[in-house]
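First comes the structure, then the notes that go with it.
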Amino acid sequence: MNAGTAATSMQSLSFSNRLVPPSHRLSLVPVTVTRINLPKSAATVSTVKCCVSRQTTTTTSTATAPATKLASDASGFSEASKRANLVPLYRCIFSDHLTPVVAYRCLVQEDDREAPSFLFESVEPGVRVSNVGRYSVVGAQPVMEVIVKDNNVTIMDHEKGSLVEEVVDDPMEIPRKISEDWKPQIIDELPEAFCGGWVGYFSYDTVRYVEKKKLPFSKAPHDDRSLADIHLGLYNDVLVFDHVEKKVYVIHWVRLDQHSSVQKAYAEGLEHLEKLVARKVIT
């Protein structure tokens, strides 16, 4: 699942975005954008205001909360928490001096190159620049991994530091069961691209979970590489580059059920986001 390895995002699971009905369309709202200027001597940081409006929803099998304005402060976050248990925090930054490859190198350290990570490039052209792919998406350090070999499932929760191993009849249902109680909050300002969730791959042999009688694993060719049949990572932290608008969105999803209160969830989520911005942009 490193960059350069064929991978796909599970579009039926949380939390990617696409167009929503007109009834969910929001008016323009102010968004704080940080501009990073990087002269040879030092980095200078200034902030500006911009207005962005996106019509988005989530591509997910779970219920989603109606679109809302940016949860940019504690009160906005608290309001969003009444309708959802997954709320994104983000910073919109000018990407003049930041490229997806540089961001990826900031995310993946040399001693962490074997860990799951990804860099996706869009193939559709930008709206105003026909020869430029609109979006690039970067992610690393998933909070959870699901690894499947035959019917043996390993679930590694990196936040809790736990590891669960079990044998199941249909491992393809595991990610869906994990996320079935999630209710992501739709944020209108996020780009119309993948903004977080499950990323990974399903091998060709996963058809054997569906056609158990015709294609049992007992008749599968010998696997001399011992590759997993399924390997998925859950990414709560994602960078989305908009090459047309020359911006990068640093996104962190906050799971409310992992915090004792909404206030604590917001405070810890904001602290995590600021560290994320500092690591991926300033350094």
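Data overview
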quantity	calculated
Single residue of the stretch 158-188 satisfying the filter (farther than 26 Å from Ala115 by Cα, in contact with a helix residue (DSSP H, G or I) (Cβ under 9 Å, 6 or more places away or on another chain) and part of a loop (DSSP other than H, G, I, E, B)) that is modelled with the lowest pLDDT	Asp188
Only one of Val137, Val168, Val153 that is out of contact with any Lys or Arg (no Cβ under 7 Å at 6 or more places or on another chain), touching a residue at least 40 places away in the same chain (Cβ under 8 Å) and either among the polar types (S, T, N, Q) or within 21 Å of Tyr201 (Cβ to Cβ) (or both)	Val137
Selection within the stretch 235-258 - more than 29 Å from Asp205 (Cα to Cα) and not in a strand (DSSP E or B)	His243, Val244, Glu245, Lys246, Leu256, Asp257, Gln258
Residue that is at pLDDT 85 or above, more than 14 Å from Tyr249 (Cα to Cα) and not in a helix (DSSP H, G or I), where the choices are Arg83, Arg91	Arg83
Condition check for Lys160: surrounded by fewer than 21 Cβ atoms within 10 Å (Cβ to Cβ), farther than 28 Å from Ser95 by Cα and among the charged types (D, E, K, R)	yes
Some residue of the stretch 211-234 being modelled with pLDDT under 95, within 28 Å of Ala80 (Cβ to Cβ), outside any strand (DSSP E or B) and not polar (S, T, N, Q)	no
The stretch 260-283: number of residues that are under 20 Å from the mean Cα position of the chain (by Cα) and closer than 27 Å to Glu79 by Cα	12
Test for Tyr249: is it among the hydroxyl-bearing types (Ser, Thr, Tyr), in contact with a Pro (Cβ under 8 Å, 6 or more places away or on another chain) and in contact (Cβ under 8 Å) with a residue 60 or more places away in the chain	yes
Contacts under 7 angstrom Cβ, first residue in the stretch 86-104 being over 16 Å from Gly196 (Cα atoms) and polar (S, T, N, Q), partner surrounded by 22 or more Cβ atoms within 10 Å (Cβ to Cβ) and modelled with pLDDT of 90 or more, 6 or more apart	Ser95/Phe241; Ser95/Val248
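The values are calculated or read from the model by the stated rules, or taken from the named source; none is laboratory data. Model, not experiment: these values are computed from the prediction. Virtual Cβ from ideal backbone geometry, glycine too; neighbours counted across all protein chains shown.
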